[in-house]
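Asks: One structure coming up, written as structure tokens, with questions to follow.
The values are calculated or read from the model by the stated rules, or taken from the named source; none is laboratory data. In this text the structure is predicted, and so the values were computed from the model without any measurement. When we count neighbours, we look across all protein chains shown, and the Cβ atoms used for this are built from the backbone with ideal geometry, even at glycine.
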Amino acid sequence: MKELLIPGVKLFTICLAAALLLGLINAVTKGPIADAEKQTVEKALKEIKFDGERGDYLVAPPVELSKEIYEKTVLANTTDTVSKDTIQKLYTGKDENTVMLTTTLTAADIISAAAVFTAIKEYKPKGAVRAMFPLKKGDEISGFILEIWGVGYGGDIKMFGVYDKDGTVRDALILKDAETPGLGKKARDKGYMDKYIGTKTRTVPVIKAMLDNPDAVTGATITFTGVGDALRNGSRYISMFGENNEN
Amino acid sequence: MTYIGIIITFVFITNFIFTRFLGLCPFIGVSKKVDSAVGMGFAVIFVSSIAALVTWVIFNLILVPLNITYLQTITFILVIAALVQLVEMMIQKISPELYRALGIYLPLITTNCAVLGIALIAVQEEYGVIESFVAGFSAGAGFLMAILLMSALRERLDREDIPKAFRGAPIAFISAGLMALGFMAFDMTLLKNLIG
Amino acid sequence: MKIKEFTKGLFRENPTFVIMLGLCPTLAVSNQVVNAIGMSAAVLFVLLGSNIIISLLKNFIPDKVRIPSYIIVIASFVTIVDLVMQAFIPPLSESLGVFVPLIVVNCIILGRAEGFANRHPVSSSILDALGMGLGFAMGLTLIALFREILGAGMITLFPLPFDFIDEKGQIFIPALRDAPAGVFIAPAGALLVIGLLKAFFNQIELKQEWIREKIRRLGKKKPFSPKEKKGAEA
């Protein structure tokens, strides 16, 4: 018994010491880790070009949502009836298992729904469009900055896209990617996003044939398609609201 | 992602050997003979599927509720080490034949980065419990495929007249590199075209 | 304390090219020089920390549970590196990704704990860790240099106050930058580069052996060599 007990106690002591040490380190680094993420977002917002006054961060209401998440995570966690109404007004059943955004929306609707989604801590945004910053000129909404996600060669690409209120791309910037250095990573270079600026929904280039200078993306076609897809999805998202309902 | 998507991803697109470089030590070390390669491959499938499942349970039901996710590396590696030991003892009891076939490879798996790798990746990708298990299984299957191809190749290479400096590991690396070139054909676009 | 404990890791027992341990990170993060340097620093820190602690605790740790104990010590240092990197150098942590926690299963570290630190005093263990860590760094950086120069036509370092480095810390190689051989950056390129480098070092080794053999034979046969030569001529 004793020859089992002593190694056990010693091993436990080592475990305990390790856990305590790591707890201490975690306490020190927890703040900076949280800040680091905020800093990349803030830095990106400073670098990206947009007109008007930037509103607060809002979780973007998803285009489609499984009924399970819609009922159990979203509706169940809205406390007051006003916000529940805001959400229910926007979503209709698509089929048995999914709900989707209605087609008769205004920018104001989506912003108030976004405010409700932002307040729900349990909801984790997924899909192509995950967050938004409304842009205002005076009292009028002039456009959006969207947090959009695409799939590149090495994995997910997280981007910011600046859009006019009709969905035209004004600027874009990559926040996070896992692309190959020297090839796909070039998407972070100055001027890469120029080819997307001024395009809208169907005219956002996603295949090489849509470019004036296709050689510029040779060797990194998948990154180019990923970025294009993300920007196109963002543009579609915005063109769903109100007057410019054309897709 | 659907289960089929996960299988295609881990077997072909991000094959642990050819694109992620996880589990290279046994890949080079145990690929000299087809028999031992098959043994190692199945041992990895076995352990990585169970490890992905168990680490999912531990991460989501213990570490997350207690808010100590920073201990994930240390818990995962201990769990995997204990698991390997347990599996070894179980196989020895249940099927001595299987133990004779897999036995010597099992202890090596503790330090195989493929197993810890899939546990960490499953957490990072926020997979559900079944998705984690499928991911663990397919990562192991991808490893088995790679090591099987490699060992078949190396058995033949042994009979070739290779320059002395290239014999052994160097030619193995170069052959693996050429195979990896082939695997570059599998990418995310392929997956998109296959399952939308 | 011997200087040999330090130098053996650099060349004679170089972890990357001679013992061939810890290959996964070597290949995976060698696509940029800056990643290679970051990874090497992380491995060096963990190796140094675990060698010191294990050498100090060698009489405390019971033989029966030594492997789990070593794993706990190593995993603790790895978690420290991981957290500190996430907090203070987030871009590096992002590009190294899952390979930081995977330092735990880097065979070099457990290998040095089991094979060296648990039976040597602290001072030699420190030298051993430094030598092995720097040897690993050399191998990794060499592969990364080959891959990034050929595959991307540039070298990525840190922003430094020199003229030839731009504000992102990159050095461009003029002709290669426009038409790089992209395959070297791709995973396949890593395997090809390490295979060719290993063959190159093997060749040097073979050559040295051949020379040594020649010298040995010459030394042995010297008294008879003129006769032999004559015989050959006849």
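Asks: Can you find even one residue in the range B:53-61 that is in contact with a Ser or Thr (Cβ under 9 Å, 6 or more places away or on another chain), under 30 Å from C:LYS198 (Cβ atoms) and in contact (Cβ under 8 Å) with a residue 12 or more places away in the chain?
Replies: No, the range B:53-61 contains no residue that is in contact with a Ser or Thr (Cβ under 9 Å, 6 or more places away or on another chain), under 30 Å from C:LYS198 (Cβ atoms) and in contact (Cβ under 8 Å) with a residue 12 or more places away in the chain.
Asks: B:VAL87 passes all but one of (1) buried (at least 19 other Cβ atoms within 10 Å of the Cβ); (2) over 15 Å from the mean Cα position of the chain (by Cα); (3) without any contact (Cβ under 8 Å) to a residue 60 or more places away in the chain; which number fails?
Replies: Single failed check for B:VAL87: (1).
Asks: Still on this model: If the Cβ limit is 9 Å and pairs must be 6+ apart or interchain, which residue in the range C:209-223 that is at pLDDT below 90 pairs with which residue that is surrounded by 10 or more Cβ atoms within 10 Å (Cβ to Cβ)?
Replies: Taking only residues 6 or more apart or on different chains, the pairs are C:LEU218/C:SER225; C:LYS221/C:GLU228.
Asks: Follow-up. Among the residues of the range C:1-36, how many are under 21 Å from B:CYS113 (Cα atoms) and part of a helix (DSSP H, G or I)?
Replies: The qualifying residues number 8.
Asks: Output yes when any residue across the range C:80-93 is more than 9 Å from chain A (Cβ to nearest Cβ), in contact (Cβ under 8 Å) with a residue 60 or more places away in the chain and part of a helix (DSSP H, G or I), and no when none is.
Replies: Scanning the range C:80-93 turns up no residue that is more than 9 Å from chain A (Cβ to nearest Cβ), in contact (Cβ under 8 Å) with a residue 60 or more places away in the chain and part of a helix (DSSP H, G or I).
Every residue, every condition in (1) surrounded by 19 or more Cβ atoms within 10 Å (Cβ to Cβ); (2) more than 10 Å from every other protein chain (Cβ to nearest Cβ); (3) in contact with a strand residue (DSSP E or B) (Cβ under 6 Å, 6 or more places away or on another chain); (4) farther than 20 Å from C:ALA75 by Cα, yes or no:
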position	(1), (2), (3), (4)
C:PHE99	yes, no, no, no
C:VAL104	yes, no, no, no
C:GLY111	no, no, no, no
C:GLY151	yes, no, no, yes
C:GLU167	no, yes, no, yes
C:ILE171	no, yes, yes, yes
C:LEU191	yes, no, no, yes
C:GLY195	yes, no, no, yes
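Asks: Against the definition (of a type in the set (A, V, I, L, M), more than 22 Å from the chain's Cα centre (by Cα) and at the interface with chain C (Cβ under 8 Å from one of its Cβ atoms)), how does B:ALA165 come out, yes or no?
Replies: In short, yes.
Asks: Which of the residues spanning the range A:134-153 are surrounded by 19 or more Cβ atoms within 10 Å (Cβ to Cβ) and over 16 Å from A:ASP229 (Cα atoms)?
Replies: Residues satisfying the conditions are A:PRO134, A:LEU135, A:ILE141, A:GLY143, A:PHE144, A:ILE145.
Asks: Could you please find all residues in the range A:203-229 being surrounded by 13 or more Cβ atoms within 10 Å (Cβ to Cβ) and away from every other protein chain (no Cβ under 14 Å)?
Replies: Residues satisfying the conditions are A:THR203, A:VAL204, A:PRO205, A:MET210, A:LEU211, A:PRO214.
Asks: Select, from A:THR79, A:THR92, A:THR73, the only residue that is assigned to a loop (DSSP other than H, G, I, E, B) and β-branched (Val, Ile, Thr).
Replies: A:THR79
Asks: Could I ask something else about it? With respect to C:LYS58, determine if the residue is surrounded by fewer than 23 Cβ atoms within 10 Å (Cβ to Cβ) and either modelled with pLDDT under 85 or at the interface with another protein chain (Cβ under 9 Å from one of its Cβ atoms) (or both).
Replies: The answer is no for C:LYS58.
Asks: Moving on to the next point. Where residues in the range C:153-165 are closer than 19 Å to C:LEU92 by Cα and surrounded by fewer than 17 Cβ atoms within 10 Å (Cβ to Cβ), which of them is nearest to the other protein chains (Cβ to nearest Cβ)?
Replies: C:LEU157
Asks: Ok, one more. In the range A:40-50, how many residues are more than 8 Å from chain C (Cβ to nearest Cβ) and in a helix (DSSP H, G or I)?
Replies: Residues meeting the conditions: 7.
Asks: If I ask for residues that are under 12 Å from the mean Cα position of the chain (by Cα) and surrounded by fewer than 20 Cβ atoms within 10 Å (Cβ to Cβ), which ones from the range C:28-55 would you list?
Replies: C:ILE37, C:ALA41, C:LEU44
Asks: Run C:ALA42 past the list (1) in contact (Cβ under 8 Å) with a residue 12 or more places away in the chain; (2) part of a helix (DSSP H, G or I); (3) closer than 30 Å to A:LEU4 by Cβ and report the number of the one that doesn't hold.
Replies: Answer for C:ALA42: the failing condition is (3).
Asks: May I ask you to verify whether C:VAL73 is free of Cβ contacts under 8 Å to residues at least 12 places away in the same chain, of a type in the set (A, V, I, L, M, F, W, C), assigned by TED's automatic domain parsing to the domain that holds C:GLY169 and out of contact with any Phe, Trp or Tyr (no Cβ under 8 Å at 6 or more places or on another chain)?
Replies: No, not satisfied.
Asks: Of these, C:ILE72, C:ILE108, which one is part of a helix (DSSP H, G or I) and over 19 Å from B:LEU120 (Cα atoms)? Can you show your working first?
Replies: Values: C:ILE72 fails: over 19 Å from B:LEU120 (Cα atoms).
Only one candidate passes the filter, namely C:ILE108.
Asks: Working only within the range A:1-22, note down all residues that are more than 8 Å from every other protein chain (Cβ to nearest Cβ) and among the small types (Gly, Ala, Ser).
Replies: A:ALA17
Asks: Of all the helices (runs of 4 or more DSSP H) wholly in the range B:127-196, which have at least 3 residues that are at positive phi and surrounded by fewer than 18 Cβ atoms within 10 Å (Cβ to Cβ)?
Replies: none
Asks: Hey, C:THR141 hits all of (1) assigned to a helix (DSSP H, G or I); (2) closer than 30 Å to A:LEU183 by Cα; (3) within 14 Å of chain A (Cβ to nearest Cβ) but one; which does it fall short on?
Replies: All conditions are met except number (3).
Asks: Do we find that A:ASP156 is farther than 22 Å from C:ALA152 by Cα and surrounded by fewer than 18 Cβ atoms within 10 Å (Cβ to Cβ) in this structure?
Replies: Considered against the rule, which asks whether it is farther than 22 Å from C:ALA152 by Cα and surrounded by fewer than 18 Cβ atoms within 10 Å (Cβ to Cβ), A:ASP156 comes out as no.
Asks: Just the residues that are in contact with a Leu (Cβ under 8 Å, 6 or more places away or on another chain) and modelled with pLDDT under 85, please, taken from the range B:71-100.
Replies: B:VAL87, B:GLU88, B:ILE91
Asks: Something else about it: For the range B:45-84, which residues satisfy the criterion of being within 21 Å of B:LEU144 (Cα to Cα) and polar (S, T, N, Q)?
Replies: Within the range B:45-84, B:SER48, B:SER49 meet the criteria.
Asks: Then there is this: Working carefully through the options C:PRO68, C:PRO15, C:PRO25, find the one that is farther than 23 Å from C:THR156 by Cα, crowded, with 22+ Cβ neighbours inside 10 Å and of a type outside the set (Val, Ile, Thr).
Replies: When all the criteria are applied, what remains is C:PRO15.
Asks: What tally of residues in the range A:56-75 results from selecting those that are more than 20 Å from the chain's Cα centre (by Cα) and surrounded by 12 or more Cβ atoms within 10 Å (Cβ to Cβ)?
Replies: Total meeting the criteria: 4.
Asks: Using the structure shown, decide if B:ALA176 is within 12 Å of another protein chain (Cβ to nearest Cβ), of a type in the set (A, V, I, L, M, F, W, C) and closer than 30 Å to C:TRP210 by Cβ.
Replies: Values: within 12 Å of another protein chain (Cβ to nearest Cβ): yes; of a type in the set (A, V, I, L, M, F, W, C): yes; closer than 30 Å to C:TRP210 by Cβ: yes.
Answer is yes for this residue.
Asks: So, of the residues in the range C:169-201 that are touching a residue at least 24 places away in the same chain (Cβ under 8 Å) and in contact with a Pro (Cβ under 8 Å, 6 or more places away or on another chain), which turns out to be nearest to C:THR16 (Cα to Cα)?
Replies: C:LYS198
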